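What follows draws every value from the coordinates through simple rules; no lab data is involved. Given the structure is predicted, the values throughout are model-derived calculations rather than measurements. Heads up, the Cβs are rebuilt from the backbone with ideal geometry, glycines too, and the neighbour counts pull from every protein chain shown.
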Amino acid sequence: MNDSECIFCKIAAGEIPATKILDENQVIAFMDIGPIIKGHVLVIPRDHYPDIISVPPDVLSALIVSARRVAAAQVKALNADGVNIIQNNGRSAGQLVPHFHIHVIPRFNDDGYHFNWNPGKYSSPEEMEKTAASIRSAL
Ligand code: 5GP
Ligand code: ZN
């Protein structure tokens, strides 16, 4: 199940080069060409799924286990002090490549990088409860 227009499908098929870290049955991991921090790795399914909602549970399990392996290797080999696991779905969420991928980013105490994470707030406890009820009803 591959998309002939998809850059990550082409990497998975070996049609365009990538610096691979893992090459498994369902999962591939390779170096991100534009690292947030050097050592930034992308973990992707071999098959084309656009986002987390479309990835079958068994493939998703394999992906997160591989991401954990990569994170442990970054800590061991690069002496990372921490690791960010980030996964974007949809353009509004900052997803540029519409083939599911998990970012595994090694972090260092002195790397100087800061995510633009500004906490907001609900106008009332009722607003939060109403939003929660809506999500709950769709689970
Ligand atoms: P997104 O914004 O979709 O979550 O992240 C896409 C990521 O893919 C970016 O971090 C970008 O640097 C990386 N990327 C895009 N094109 C290529 C490519 O051709 N090769 C590699 N190795 N990484 C890519
Ligand atoms: Zn693809």
Between the helical axis of 57-78 and the dominant principal axis of the chain, each derived from Cα atoms, what acute angle in degrees is found, rounded to the nearest 10? 70 degrees
Placing unit charges on C-beta atoms (Lys and Arg positive, Asp and Glu negative, everything else neutral), compute the dipole magnitude of the chain about its Cα centre in debye, rounded to 20. 220 debye
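Report the local net charge at K76: Lys and Arg +1, Asp and Glu -1, summed over other residues whose C-beta lies under 15 Å from its C-beta. Walk me through the numbers before you get to the answer.
On the way: positive: R68, R69, R107; negative: D81.
So the environment of K76 carries a net charge of +2.
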Scoring region 7-138 by relative contact order with C-alpha pairs under 8 Å, at least six apart, yields a percentage of 23 percent
0 to 90° range, to nearest 10: angle between helix 125-138 axis and the chain longest Cα axis: 50 degrees
Could you tell me which of rounded, prolate or oblate describes the chain, using a ≥ b ≥ c as the square roots of the eigenvalues of the alpha-carbon gyration tensor, with rounded for a/c under 1.5 and, failing that, prolate when a/b is larger than b/c and oblate otherwise? oblate
Determine which aspartates and glutamates satisfy two conditions relative to K20: a Cα distance under 12 Å, and not lying fewer than 8 residues away in the same chain. D32
What whole-number distance in Å separates the alpha-carbon centres of region 1-40 and region 109-136? 32 Å
Taking K and R as +1 and D and E as -1, what net charge do the other residues with C-beta under 14 Å from the C-beta of A29 add up to? +1
Neighbours of V104 by Cβ distance under 10 Å: Lys/Arg at +1, Asp/Glu at -1, summed charge +1
Positive dipole terminus of the chain, leading residue within V97, L60, A73 (C-beta point charges): A73
In a Gaussian network model of the chain with springs linking alpha carbons closer than 10 Å, the residue among S124, S92, S54 that fluctuates most is S124
From phi via Karplus (6.51, -1.76, 1.60), per-residue ³J(HN,Hα) for region 110-119 in Hz, x at Gly/Pro: 10, 6, x, 8, 10, 6, 7, 10, 9, x
Loop-resident trypsin sites (Lys or Arg not before Pro) in region 36-139 with no more than 14 other Cβ atoms inside 10 Å, DSSP not H/G/I/E/B, are K38, K121
Enumerate the calculated ³J(HN,Hα) couplings along region 47-56 in order (Karplus 6.51 cos²θ - 1.76 cosθ + 1.60, θ = phi - 60°), each rounded to whole Hz, writing x wherever the residue is Gly or Pro. 7, 7, 10, x, 7, 4, 5, 8, 7, x
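Looking at region 51-139, which chymotrypsin sites (Phe, Trp or Tyr not before Pro) are DSSP coil and have at most 12 other C-beta atoms within 10 Å of their C-beta? Please report the intermediate quantities before stating the final value.
Numbers: sites: F100, F108, Y113, F115, W117, Y122; in loops: F100, F108, Y113, F115, W117, Y122.
Passing sites in region 51-139 are Y113, F115, W117, Y122.
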